Structure formats: C-alpha cells, structure tokens
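Peer 1: One structure, as structure tokens, below. Some questions next.
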Amino acid sequence: MYKHNVAIIFGGCSPEYDISLKSAFGVISHINKDKYEPIMLGITRKGEWYLFTGAVEKINDDTWHNQHDCIKAIISPDCETKGIIVFGIDGIQTIKLDAAMPIMHGKNGEDGTIQGLLTLAGIPVIGCNILSSALCMDKDRAHKLAKAAGVRVAKSFIIKSELEYMQAVPLAESLGYPLFVKPVKAGSSFGITKVACKDDLLKAIILAFEYDNEVIIEENICGFEVGCAVIGSTNPTVGEIDEIELTEGFFDYKEKYNLESSSIHVPARIPIHKADEIKETAKVLYKALGCSGFARVDMFLTPEGDIVFNEINTIPGFTAFSRFPNMLKATGMTFEQIVNEIIAINL
C-alpha cells in the first residue's frame, strides 16, 4: 500500500517553540505509520531548517538539533518539486510531499506565514489556509468578523504605539477595570496582562508591545471560558465542550501548561441545551473565519448565559494534556483517530 509522505513541521522563531516540540511529538507518536510516512522537518530558534531523522523522543526533550540526526533541508517554493530539498553529504536530493502539517504555535506558524510557503509550493496544508490563519491570529479582525456573524464580542480598542498611552487612559476608563491588555497577534497568552487599575496600565502596554506592533485593550468578561474542538470543513464535527475553572488570575501561559490554580472539566458542567448552543456558535465562528481541517474555538459563558467570542486557535496543542485532543477523546475518539482523521481530510 502506498504510504503518503506527510511533513510534520515543528519549532520555529517563536516564543512558543517549546510547546511546538511537545505538540509535534504528540502528533508523530500517534500517526498511522502504515498509511503515512512522517517527514520530520524541524526549525531551530534561529530559523535554521533541518530534516530530522532521529528518535521522536528527542523532539519532545529538545535534543533533536544535533549533527547526527539533522540534515540541512528546506521546502522548495517550486511547484514542480512539491517537496523538500535536502542538502546531504552525497549531494542535493528531493523528497516529494503529499501534504504538510505545521505544528508551529504563534508567530510564523499560526499566522499564515508557513501556510503561504506551502501553498506557493503546491503542497496541501493540513489545517487552516493562509487567510483563515492570519485572521484568527489577529484578535481585532477576528472579533470584527465574529460580531458581523452575530456573535457577541468584548468591547475593545486598539493602540499602535506606546506613545498613544495618554489617549488609551480615558478609553480604558470607559471599559472599566479590571480589563485585559493583549498583543493583537500572539498566542499562548504571551504578553497578556489583567490590569486592575490605571497605575498598572502603562506597564501592561509596554509588555504587550514586546510581542506585537499592535495592542488591544479589552473589557473583562464575567463568567468562565469554554472551548470547542472542531474538525472538518463544510460539515464540521465538534467535540465535547470543556470548561476552565479558575481560582485566581486568568488562564495565562503558566496555567495553560501547569494547571497550578485551575482545573479543566470535560464535558463542561453546564446544561445540555446551553452546551448545544455553544457548539452551534462554535460552528458559526469556525465558518465565519474560514477555518478548515481543525481548530479550537474559545468562548466565554457569562452568568446570564450569554456566549461571548474569545479567539480561535488554528493550531491548538497536541500534547497528552492539551484541551483539543481531550475534548475529542470525550466523544470516544482515540488520540490516533484524531490525528489520522485530521490528516485524511486533506488527502
């Protein structure tokens, strides 16, 4: 039986490099190797590309980048090549690809950048396309499209320079404290601050600008976060809803990967009719932002029962503890089934 060559692309010049490695390990460890040949393509923190041929465990513990397991390689933008150019000791070789699955969270991976290169090369992308990836990464534009689709969003405004701080102060006052200051385009809650008072606003703005050239200041939504794992395109499948229970603060980077003062409940502890409404809202948002393949749709549920859009993660985590696979596992799917169904959509 023909085995499809599927590139799993990991790492990259992003603050989320470490999480990318662990997610890639999860995908590669559960791929059906009778049907697919995983071509492991790693990118270092400096942006160097390598074909990785070693044990997958080395990706998980970040020892993959070494002279024994790595060969210089790049994706060719030439549609005739439709694959990887490998610069080996015996000369230049090519590896044809049937598809590629970027497992690169955040900047350069989840924002349409790598999807653009793959599309230019004529290589099918497993996951959201260029436009959808870029829109979902942009919190401001994603919220505008969600609102246009009839879904409530948090009140917010944008600043494009730290020099706009004085203009931001009265606008922040109108939103009310506490509020959130976020980079417009960043993932895993990097650069996000929950601001309790005016005195902390400038510090939060400065931090957010370390991660992007635009900052969004957003009202605090009372309630709790719920998420939906979605697979498919025209008729997407939605997993069980999860619920994030917080005892303090917000679901920041530390909480997402350590759960020190929070818990995740799957399924969410909400009435069935509300769960069904959230699932339908997730489908509306998924389609409104042009998603395909897979994504995680995050929303808030207020004490009054209102559903408020938060964001869509077009490349959610794929670790054993990640929300996306665990929501689908709750429907009876195994990790292997999740990975292989996502790949099969694009082949």
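Peer 1: Out of everything in the stretch 12-59 that is of a type in the set (A, V, I, L, M) and free of Cβ contacts under 8 Å to residues at least 40 places away in the same chain, what residue ends up being surrounded by the fewest Cβ atoms within 10 Å (Cβ to Cβ)? Before the answer, list the steps.
Peer 2: Looking only at the stretch 12-59, we keep the residues that are of a type in the set (A, V, I, L, M), and these are 19, 21, 24, 27-28, 31, 39-41, 43, 51, 55-56, 59.
After this cut, where a residue has to be free of Cβ contacts under 8 Å to residues at least 40 places away in the same chain as well, the list is 28, 40, 55-56.
On the way: 28: 23, 40: 21, 55: 11, 56: 18.
Going through the qualifying residues, I end up with 55.
Peer 1: Can you pull out the residues in the stretch 84-98 that are surrounded by 15 or more Cβ atoms within 10 Å (Cβ to Cβ) and touching a residue at least 40 places away in the same chain (Cβ under 8 Å)?
Peer 2: Correct list: 84, 95, 97, 98.
Peer 1: Starting from residues that are of a type in the set (A, V, I, L, M, F, W, C) and assigned to a loop (DSSP other than H, G, I, E, B), keep the ones in the stretch 296-333 and report whichever is surrounded by the most Cβ atoms within 10 Å (Cβ to Cβ).
Peer 2: Taking the stretch 296-333 and keeping what is of a type in the set (A, V, I, L, M, F, W, C), we get 297, 299-301, 307-309, 312, 315, 318, 320-321, 324, 327-328, 330, 333.
With assigned to a loop (DSSP other than H, G, I, E, B) added as a condition, the list becomes 315, 318, 320-321, 330, 333.
Numbers: 315: 30, 318: 27, 320: 14, 321: 14, 330: 15, 333: 18.
In this case the residue turns out to be 315.
Peer 1: For the stretch 60-81, which residues satisfy the criterion of being open to solvent by less than 50 Å² (accessible area, probe 1.4 Å) and in contact with a strand residue (DSSP E or B) (Cβ under 8 Å, 6 or more places away or on another chain)?
Peer 2: 64, 69, 70, 73, 75, 76, 81
Peer 1: Within the stretch 275-295, work out how many residues are closer than 18 Å to residue 138 by Cβ and open to solvent by less than 20 Å² (accessible area, probe 1.4 Å). Explain how you work it out, then say what you get.
Peer 2: Quick first cut of the stretch 275-295, residues closer than 18 Å to residue 138 by Cβ only: 285-292, 295.
From what is left, the residues that are open to solvent by less than 20 Å² (accessible area, probe 1.4 Å) are 285-286, 289, 291, 295.
Total satisfying the criteria: 5.
The values are calculated or read from the model by the stated rules, or taken from the named source; none is laboratory data. On a predicted model such as this, the values are computed, not experimentally measured, just so you know. Glycine gets a Cβ as well: all are built from the backbone with ideal geometry, and neighbour counts include every protein chain shown. Each accessible area value is taken on the protein alone, full model and side chains, heavy atoms only, with ligands, DNA and RNA left out. Shrake-Rupley method; radii C 1.70, N 1.55, O 1.52, S 1.80 Å.
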